[in-house]
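Below is one structure; the comments refer to it alone.
Read-outs throughout are calculated quantities, based only on the coordinates presented, and are distinct from any laboratory measurement. Being a predicted model, the structure only gives us computed values, none of them experimental. Here Cβ is always computed from backbone atoms with ideal geometry, including for glycine, and neighbour counts include all displayed protein chains.
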Amino acid sequence: GALLELLSPAWRILLLSDGSVTRHLRLLCPRLRQTRLECLRQGPVPSPSQVGAPAAGLGMPDDCDLIAGPMVQREVLLHISRGDFFADDHYLDAELNDGELAKDGDVPMVYAASWWSEDNFRTYMVDGSSPMWSNLRRGNVELYREVRRVYMGDNEELARIFGCDGPFWGRHYIFWHDQKPMTVVYEVFNPALERQLGPAKPGVQYL
């Protein structure tokens, strides 16, 4: 809508495209050389079908109602090397020093949570230390990514993780396989990416 039109084209691609986030970051940010995945949590959670409550009431995107049976939730951070990505950017050094999960010269740039049925998780997420897309690509799984909703808002825990205040842009989407929902994914982006992608806050301009 009108809010998205205030973003740079690069941010619109990141939020609305059906491509891999890591791949888009590598294409949009030429200095990016490497990323690191950190798994925060991974394990079973009560599913809407098990507790008889809508997904939204359990703190999940409402599309998690489409996932049947016992459910697994996975939360990860995608870290980017500060030296490769933000070299000589004193503004970002000041903004990112307080991120509690920044270490070894890298910075968390993307938070992602995904919800799976237990069967799909065991089948497709064979290597828990690798990104979801790497697991799916390794298995040559044919997928359709449907972006369902785009968000902008504040969150205290994400501000602590990213080391900067919001508002934060996020989205959630469904991966479909064989006309069935495989997983629902929720992603939130660190506003510090705006130094490479253009303004993340409506109405902000950099000279």
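At a glance:
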item: Cα shape, the stretch 129-174, gyration tensor, a/c 1.5 rule; result: oblate
item: Approximate spin-label separation Q42-R23, in nm, with each point projected 7 Å along Cα-to-Cβ; result: 2.2 nm
item: Estimated vicinal HN-Hα couplings, Hz - the stretch 146-156 in sequence order (Karplus 6.51, -1.76, 1.60; Gly, Pro = x); result: 10, 6, 9, 7, 10, 10, 9, x, 9, 7, 5
item: Ranked packing of 171-182, 63-74, most packed first, by mean Cβ within 10 Å; result: 63-74, 171-182
item: P(r), alpha carbons of the stretch 105-207 - 10 Å bins starting at zero, rounded %; result: 13, 38, 30, 16, 2, 0
item: Computed FRET value (nearest 0.05) for S129 with E5, which takes r as the C-beta separation and R₀ as 41 Å; result: 0.60
item: Environment charge at D18 (Cβ cut-off 12 Å; Lys +1, Arg +1, Asp -1, Glu -1); result: +3
item: For the stretch 117-201, size of Cβ-based charge dipole, Lys and Arg +1, Asp and Glu -1, in debye; result: 240 debye
item: Orientation-averaged projected area, Cα convex hull of the stretch 41-82 (nm²); result: 3.6 nm²
item: Cα-derived Rg over Rh, computed across the stretch 4-76 with Rh taken as Kirkwood radius; result: 1.11
